[in-house]
Amino acid sequence: LDLIRVQLKSLALEHGLPVRYLYGHAIEMYLKAFLRAEGVTEDALRNNRMYGHRLEDLYTECKSRGLTMNSAEAACFDPVLHYLKKGHEEYQFRYFEEAIHTADPDPIKAAAQAIAHAAGAHIGNLLREYRQQAERGGKQVVSLPKKMLTSVGSGLTPDGKVPITIGFGSPPPSA
C-alpha cells in the first residue's frame, strides 16, 4: 500500500511535467517575440551563448529593452523563473532524468499569462505605431490572417507527393 501511495504521488508530477514544459516554452517564445520586436536578430536569439533557453537572461534583456509589467504581473512572473530553471533550461520537463523541484502548473500558467499580456501589449503598440507610420506615408497595410489551417491529405498526387492544403480563416464546418 505504501508503494502504491509513493507511485501515485510521483505519477501526478510526471503527468504535470509536459504541461510545465509547454508553459515554459510559451514563456520563452513570448520573451523572444518581444526581443524580435525590439530589433534583436533571429541569429542572436538562436545563439546559445547569448540567450539560448535561459529564461532569466531573456527576461533581463527584455526589461533592459523596455518590457514593463504591472505589480500583479511581476508578482506572478518573477518568482516562477527560479522554478523553471532546471525544468526548462536543463530539459528536465522533457526527459525526467532526475528529481526536480518546480512550481505547480497553476503558477507557471499565471506567469505565462502575465508575460503574454505584457509582451503582447508592447508588440501590439509597436504594430499600431508602424501601421500609422505606413499610412502617413501613403502605404496600405494588410493584416495577416490570425488563423492558418493545414491539412495533410491521404494518398499521393500523380507525381508521387503527399497533398497538403493550407487555408486561412476558420475551418469549414464539419459534416
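The values are calculated or read from the model by the stated rules, or taken from the named source; none is laboratory data. Everything numeric here is computed off the predicted structure, so don't read it as measured data. No Cβ is skipped: glycine too gets one built from the backbone with ideal geometry, and neighbour counts run over all protein chains shown. For the accessible areas, the whole protein counts, side chains as well, though only heavy atoms, and no ligand, DNA or RNA atoms are used. Shrake-Rupley method; radii C 1.70, N 1.55, O 1.52, S 1.80 Å.
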Next on the checklist: Let's test the formula: R0 of 22 Å, r as the Cβ-Cβ distance of GLU38 and ALA74. What FRET efficiency results, to the nearest 0.05?
Outcome noted: 0.70
Item to check | GLU73, GLU38, GLU28, GLU129, reordered so the largest accessible area comes first (probe 1.4 Å) | outcome: GLU129, GLU38, GLU73, GLU28
Next on the checklist: Probe radius 1.4 Å, ligands and nucleic acids left out: which of TYR30, TYR23, TYR130 has the largest accessible area, and how do the rest follow?
Outcome noted: TYR130, TYR30, TYR23
Checklist entry - So how much slack lies between ARG136 and ALA121, counting 0.36 nm per residue of separation and subtracting their Cα-Cα distance, in nm? => result 3.1 nm
